[in-house]
Structures are given as structure tokens and as C-alpha cells.
1. For region 8-61, which residues satisfy the criterion of being outside any helix (DSSP H, G or I) and surrounded by fewer than 17 Cβ atoms within 10 Å (Cβ to Cβ)?
2. So Val106 clears everything in (1) in a helix (DSSP H, G or I); (2) farther than 30 Å from Ala7 by Cα; (3) of a type in the set (Val, Ile, Thr); (4) at pLDDT below 90 except one condition, right? Which one?
3. Filter region 60-83 down to the residues that are touching a residue at least 12 places away in the same chain (Cβ under 8 Å) and either in contact with a Pro (Cβ under 6 Å, 6 or more places away or on another chain) or among the basic types (Lys, Arg) (or both), then identify the one that is farthest from Leu175 (Cα to Cα).
4. Determine if region 69-85 includes at least one residue that is in a helix (DSSP H, G or I), modelled with pLDDT under 90, closer than 25 Å to Ser262 by Cα and not charged (D, E, K, R).
5. Filter region 126-159 down to residues that are outside any helix (DSSP H, G or I) and not acidic (Asp, Glu) and give me whichever is modelled with the highest pLDDT.
6. Of the numbered conditions (1) crowded, with 24+ Cβ neighbours inside 10 Å; (2) closer than 24 Å to Thr156 by Cβ, Leu109 fails exactly one; give the number of that condition.
Amino acid sequence: MNPHLRADLLLVATTLIAAAGWIFSKEALVGFSPLLFIALRFSGAGLVLAFFCLKPLQNLNKVQLAAALKVGLLFGFAMVFWILGLKHAQHLGVGAFLTSLGIVIVPLLNFALGGEKPSHFAFLSLPFVIAGLGVLSLDSEFYFGLGELSFLFSATFLAFMFVFNSRAAAGISALPLTAIQLLVAGLITGIASLVFEVWSFQHTPVIWGWFAASLLLATSLRFLLQTYAQGLAPPSHTAIIMTLEPVWTAILASFWFAEIMSSYQLIGCSLIFIAVLVNRAPALRLWLKSKRYAN
């Protein structure tokens, strides 16, 4: 099989597993307290990934380790808000699209932090974001409650994480960098859980099954597949295909939880998705060009 085709298929599988992770996590939260669940999930997944990269982890210098820890810190705060959004949001599919707004923020944030000037596509995507959020606000059955605001805060921290992750990835391999991110995120959410939650492990086998699926499939397997696929294809392929995650999440949520989007929600989420695609237009153009040449 052509390496790029194999990479594309693996990345599509990665987005499906990531979307399924929203379902696994939502089901696990029926029994788990939110912060404890995410702490155990990411700590466990981080240990699994660390097992596959023990030597690269040992070879990191102080500068590399500091950069990786910074990324993990931002990821941890993002996950605190993400799990709170998952616990309290009224609509899982809408939450997935709100979280994807982090992708739109990245070029502007990177420039504000001294990075390269964003392309005009980054600015062109903003009207679609505003229009999408505006249409969502018109829905009488939809409101920006704690869950929705948590998803927006999560998107903001993820944007910071993406910026510093790109800089750290220039000098650190993907697997050890990801392992450190997950371990630090697990530590941060674990400390927050210790302060704000009462721990209990008296859960049914079904709840533990959802937890295992979240840890092994939606986290460990997902990042292993994504890391492997990224090594087979240009960054433009990853950038475009990974935008499918909120789409799959909305579809799975409608199937599993019988969620039905109203017309306003459907239009609002579509506008947000268009904003993501406009923001990724250069990568989309490279991806389409590679497909044309491949054929």
C-alpha cells in the first residue's frame, strides 16, 4: 500500500477512535468523578507510552524536559476544562465543535507570542466563527452554560498547548513528548481531584470497562497510531484529516445518545467547521495537490 494512503487511513482511524473517546468518557463519568477519571486515564496512558520510549526519555536534556513539561502543564489545564465540559454540557456534538475552535485560535496566538505572521486565511476564518457562535445563541433551546464555557476554555488552553507543542516538537521526538504531556496532565488533574473531589473506586464492571476503553483505546492506541501515521505523511495530511474528529463525535453522539441537533445548532456547528477548514486552507490545498499527483 502507498505510504501516504496508509497514513491517511490510519489518521481517519485515529479520528474515529478519538471521537469514540468522547463516548467512552461520557459513559465512564456515570460512575467516576470527572477529575479523578481524567487523572487515572492520562496517567495510565502516559505510563503505557513511556514504556515504549524509555531510552529517548532518559536522553532528554534539561531544556527539552522543561519544554515538554510546559506543554504538559497547558494540556493538563485544557483537560480539566474539557472533562468539566463533558460532565456538564447539554450536547456532546456541539461541545466537540466548540473545542475544535482551538485550531482557529492557534495562528493568531502564535503570532501574539512572537511567532510567524498568520496567513490571511486565519483572519478569513474569524467571521465564520463569529457567525457560528451567533447562530448557536439564537437557538432558544441552547445556552452557554458551565459545560459550553468549559469547552471554550479548553479550546483556549489547547491553542496555547499546540503553539508550544510545535516548538517543543522541533527538538523532541513525538512519542516521548506525548508521554510526558499525558503524565503531567494526569498529575495536574490528580492534584485538582485530590483537592475538590472525594475519591471512590466502588464502580461496576461496566464503568471500569468504559474506563479501560478510554485509557487503552481512546488514549494509548490513539496516540500510538497518530504518531506512527504522522511519520508516514506530510503535516498537511494530518492537519486536514484530524479536523474530522468533531464530525465523527457528533455522528456517534446522535447514534449512541440519540442526540438531535436543532436547525440552529446544525448551522452553527457547520459554520464553525467551515472556519476550521478555512483556517487550514493552505494544508488542504497541499493535500489536494498530493492527491492529484498520486492519481
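The values are calculated or read from the model by the stated rules, or taken from the named source; none is laboratory data. Small disclaimer: the values here were computed from a predicted structure and weren't measured. Methodologically, a virtual Cβ is constructed for each residue, glycine included, from the backbone with ideal geometry; neighbour enumeration extends over all protein chains shown.
1. So the first thing to find is which residues in region 8-61 are outside any helix (DSSP H, G or I), and the list is 29-33, 52-53, 59-61.
Those that are outside any helix (DSSP H, G or I) and surrounded by fewer than 17 Cβ atoms within 10 Å (Cβ to Cβ): Val30, Phe52, Asn59, Asn61.
2. Going through the list (1) in a helix (DSSP H, G or I); (2) farther than 30 Å from Ala7 by Cα; (3) of a type in the set (Val, Ile, Thr); (4) at pLDDT below 90, Val106 breaks only (2).
3. Ile83
4. Narrowing region 69-85 to residues in a helix (DSSP H, G or I): 69-85.
Narrowing the set further to residues that are modelled with pLDDT under 90 leaves none.
Scanning region 69-85 turns up no residue that is in a helix (DSSP H, G or I), modelled with pLDDT under 90, closer than 25 Å to Ser262 by Cα and not charged (D, E, K, R).
5. Quick first cut of region 126-159, residues outside any helix (DSSP H, G or I) only: 139-145.
Right, trim to not acidic (Asp, Glu) and you get 140, 142-145.
Working: Ser140: 66, Phe142: 67, Tyr143: 70, Phe144: 76, Gly145: 82.
In this case the residue turns out to be Gly145.
6. Tallying (1) crowded, with 24+ Cβ neighbours inside 10 Å; (2) closer than 24 Å to Thr156 by Cβ, Leu109 fails exactly one: (1).
Each row is one residue, and each column tells you yes or no for (1) surrounded by fewer than 23 Cβ atoms within 10 Å (Cβ to Cβ); (2) of a type in the set (Asp, Glu); (3) within 19 Å of the chain's Cα centre (by Cα).
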| position | (1), (2), (3) |
| --- | --- |
| Leu73 | yes, no, yes |
| Leu86 | no, no, yes |
| Gly93 | no, no, yes |
| Gly102 | yes, no, yes |
| Ser137 | yes, no, no |
